[in-house]
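Trainee: Structure below; questions to follow.
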Amino acid sequence: MHFRLKKHILERLDPFSIVADELSLIATRLRSMVAAEVPNLASAAEYFFKIGAEGKRFRPTVLLLMATALNVHIPELPPAGVGDTLSSDLRTRQQRIAEITEMIHVASLLHDDVLDDADTRRGVGSLNAVMGNKLAVLAGDFLLSRACLTLASLKNTEVVTLIATVVENLVTGETMQLTTASTQRFSMEHYMQKTYSKTASLMSNSCKSVAILAGHTAGDAKLAFEYGKNLGLAFQLIDDVLDFTGTSASLGKGSLTDIRHGIITAPILFAMEEFLQLRAVDKGFDNPANLDTALEYLGKSRGIERTKELAMKHANQAAAAIDSLPQSDDEDVIKSRLALVDLTQRVITRSK
Amino acid sequence: MARAALLHLLRHRTAAVAAEPLPAFRCLMSSGYSRTPAAGIKWAGFCRHFRFSSRAAVNDVIGNDLANTDSSLAFMEGKERLDPFSIVADELSLIATRLRSMVAAEVPNLASAAEYFFKIGAEGKRFRPTVLLLMATALNVRIPELPPAGVGDNLPTDLRTRQQRIAEITEMIHVASLLHDDVLDDADTRRGVGSLNAVMGNKLAVLAGDFLLSRACLTLASLKNTEVVTLIATVVENLVTGETMQLTTASTKRFSMEYYMQKTYNKTASLMSNSCKSVAILAGHSAEVAKLAFEYGKNLGLAFQLIDDVLDFTGTSASLGKGSLSDIRHGIITAPILFAMEEFPQLRAVVDKGFDNPANVDIALEYLGKSRGIERTKELAMKHANQAAAAIDSLPQSDDEDVMKSRLALVDLTQRVITRNK
């Protein structure tokens, strides 16, 4: 594609706005899909799907962009007020992947908050804090069952397998986090495996599902998978950094939630490689003095820098996967692909 | 002819029949069945596997021919009841081993949760898997549109394995729901003996339940049948809905028999109905046959729960108040009380007061004793048990010995469910 046109598009690119209308559609459908018959369950299930509590909608954005990037035309959306049927059946099915992904994601959040005794989530009270542990657990199960029903309606057993794998990975990741043996606590490999399970698997397998629904080859489906996986990993690594730095570049200004909960993330793991004595401080991080010691070591080390470098490596791998997709001259396809690449940059340059 | 006798047998079973000679013999003999040597041998062979509980009047009933053959004599002398569990015992072991190794190998860190799982599993008397395995055999009928099974095989191996997977999935979901139902809220954990243990126990319960659900999902996916995925997903939704209905204390609903039956379907019968149906669907059966399997599971489940309700009041004796009374003490209003409330509206006021006070429990029991609550619940259970048996009766005919045996076992289970006293 002509360099100047590409640059022109890049300058005005907002990945989220490209898919804004579809996102609204999906949000509306999600609210109706999680409606339950029993009042308590209904309130619990729709808690995070209410307007204002839906989160950044990052995942559905990626999936919708991926659907277009994989050479499917964005259908003519009807004007506001008209019924929400879409002309493209494939597109609807791909949107379902976005819906399924969100339901599974929220279900895992609900359970994680119970496991972590969390008080808040997305700026509001966590469901377990507001309605109790048991209802939060039941609501998570309910969302999972609704996701499975939607999954079955796609009548594609390969996609069913991929999403079932995600569910298993989420549980494995959470188990890894809660039950890490001491030898594994300091292992970068263990940490990356856990991060893949908890964060990247959902993205990788749902991207791949979008490709499979479109009938793509195994090769292209794998590229979609690689994009999702690397994007997810990059995202989490920067999340780790931000937990220490916050919106400033300086250390200790972040919320420090991870370390206070005894969760050892990439920056600390890298620092431990340089300063073995940091390992001795482990497990005492709820003690502020220990926390300060750890931050001191972290500051002296290249922990933050190396984490950022690793994040950038994964972001570039994600961009490379998009670049390897089969060529297309279609403007929408090109635009979506540029947006997907742009997202890989936003993920690593963001400050919150 | 054997088929007609069997159908006659099934149609006329009542609750009391377990202790009486089966009318089928009378029917058999009067129709002159025994005079046909070939048929007689076939029937005798069939009977060799069965021993019914009574031999009263047997020699009066059967003609000399049958009474004098060795096999039939052994059969007639048999004192043992048909044991549905032993028919599928080997397969049950296989399934139990697979479940156990899967949990132990992959979740070493959740050892205590895994142990809890085994404990629960052991309590369950393998009831659900037994039903499903028997159903799989009972449905092993030649379906016209499908190619015939291999000569000498009862079932193609991979179909049977897939049906066994339904049994595994069902158990995993059942235990997962028990674990999640046990999750306590903060108020409850603080009441526990060791609050730390209660809290950790909570986390393990959530995690172990999630683990089982995720394994169930993967196993489900491996079956590559999206209709079955839909059915099992519906079960999970129903379980959650049922548990939430139970937590709901809106008083108007608590007094409604309809609400109670809906909750009971969700919490107990849905798992049975949909897994039975899944077994039929995997075998490629028509919608009608699949529905019969569904109806069997549903009615069996409902009958089971209704008798459970009764036993909670009566225990192993027939008298009231000797049961554990755990439902009523937890404020869970079950069928006997609901029926009693229809006769004695003043019982509602007692129920409204709650049952923390033991004196209130006594008052409720008094009303219950005066009412026909227990009897009506038993009658309802019997109605459902008979509906379950009728569903088996309506299955497509088969002369296959194993098929007939499994169907009789399934019918026998409907009787066991309502005559059991624990």
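FYI, it's all coordinate maths here, none of it is from the lab. Everything numeric in this text was worked out from a predicted model, so none of it was measured. Because the Cβ atoms are built from the backbone with ideal geometry, glycine has one as well, and the counts that use them run over all protein chains shown.
Trainee: Of the residues A:62, A:114, A:124, which exhibits the maximal mean-square fluctuation in a Gaussian network model of chain A defined by a 10 Å Cα contact cut-off?
Mentor: Greatest mean-square fluctuation among the candidates belongs to A:124.
Trainee: Just rank A:301, B:326, A:187, B:270, fewest to most, by other beta-carbon atoms within 10 angstrom.
Mentor: Exposure proxy ranking, most exposed first: B:326, A:187, A:301, B:270.
Trainee: Something else now. How large is ³J(HN,Hα) for each residue in the range A:123-136, as worked out from phi by the Karplus curve 6.51 cos²θ - 1.76 cosθ + 1.60 (θ = phi - 60°), to whole Hz, x for Gly and Pro?
Mentor: x, 10, x, 5, 5, 5, 6, 7, 10, x, 4, 5, 5, 5
Trainee: Take peptide A:226-235, look around each residue's Cβ out to 10 angstrom, count Cβ atoms belonging to other protein chains, and average those counts.
Mentor: 0
Trainee: While we're on this one: Roughly how far apart, in whole Å, are the Cα centres of the range B:346-422 and the range A:270-310?
Mentor: About 63 Å separates the Cα centre of the range B:346-422 from the one of the range A:270-310.
Trainee: Now, a different point. Got the relative contact order for the range A:82-180 handy, in percent, Cα pairs under 8 Å and 6 or more residues apart?
Mentor: Relative contact order here is 28 percent.
Trainee: Continuing with the same structure: For helix A:303-323, report the angle its Cα long axis makes with the longest principal axis of the Cα atoms of chain A; keep it between 0 and 90° and round to the nearest 10°.
Mentor: Value to nearest ten degrees: 20.
Trainee: Where does chain A land at 222 nm, in deg cm²/dmol rounded to the nearest 500, when only DSSP H runs of n ≥ 4 count, each adding -39500 (n - 2.57), divided by all residues?
Mentor: Dividing the helical sum by the residues of chain A leaves -22000 deg cm²/dmol.
Trainee: What list do you get for B:342, A:46 if you sort them by fewest beta carbons within 10 Å?
Mentor: Final ranking by Cβ density, sparse to dense: B:342, A:46.
Trainee: Roughly how far apart, in whole Å, are the Cα centres of the range B:160-175 and the range A:196-252?
Mentor: Each part reduced to its Cα centre gives a spacing of 33 Å.
Trainee: Still on this model: Arrange the following residues from fewest to most other Cβ atoms within 10 Å of their Cβ: B:330, A:216, A:105.
Mentor: With the fewest neighbours first, B:330, A:216, A:105 line up as B:330, A:216, A:105.
Trainee: Normalised by the residues of chain A, what does the relative contact order come to in percent, with Cα pairs under 8 Å and at least six apart?
Mentor: This gives 19 percent for chain A.
Trainee: Using 7 Å Cα-to-Cβ label points, what is the residue A:188/residue B:161 separation (nm, one decimal)?
Mentor: That separation, rounded to one decimal, is 4.2 nm.
Trainee: Among A:184, A:94, A:317, whose mean-square fluctuation peaks in a Gaussian network model of chain A (Cα, cutoff 10 Å)?
Mentor: Highest fluctuation among the options: A:184.
Trainee: Which of these, A:310, A:149, A:127, has the largest mean-square fluctuation under a Gaussian network model of chain A (Cα springs below 10 Å)?
Mentor: A:149
Trainee: Between residue A:121 and residues 5 or more places away or on another chain, which pairs have amide H atoms under 5 Å apart, with H built 1.01 Å from N, and which residues are they?
Mentor: It is A:126, by chain and number.
Trainee: Further question: Rounded to whole Å and ordered largest first, report the semi-axes of the equivalent ellipsoid of the range A:132-182 derived from its Cα gyration tensor (root of 5λ).
Mentor: Output for the range A:132-182: semi-axes of 25, 18, 4 Å.
Trainee: What does the charge count near residue B:253 come to, summing +1 for each Lys or Arg and -1 for each Asp or Glu among other residues with Cβ under 14 Å from its Cβ?
Mentor: 0
Trainee: Let me confirm one metric for peptide A:159-169, namely the mean number of other chain beta-carbon atoms within 10 Å of its residues' beta-carbons.
Mentor: 5
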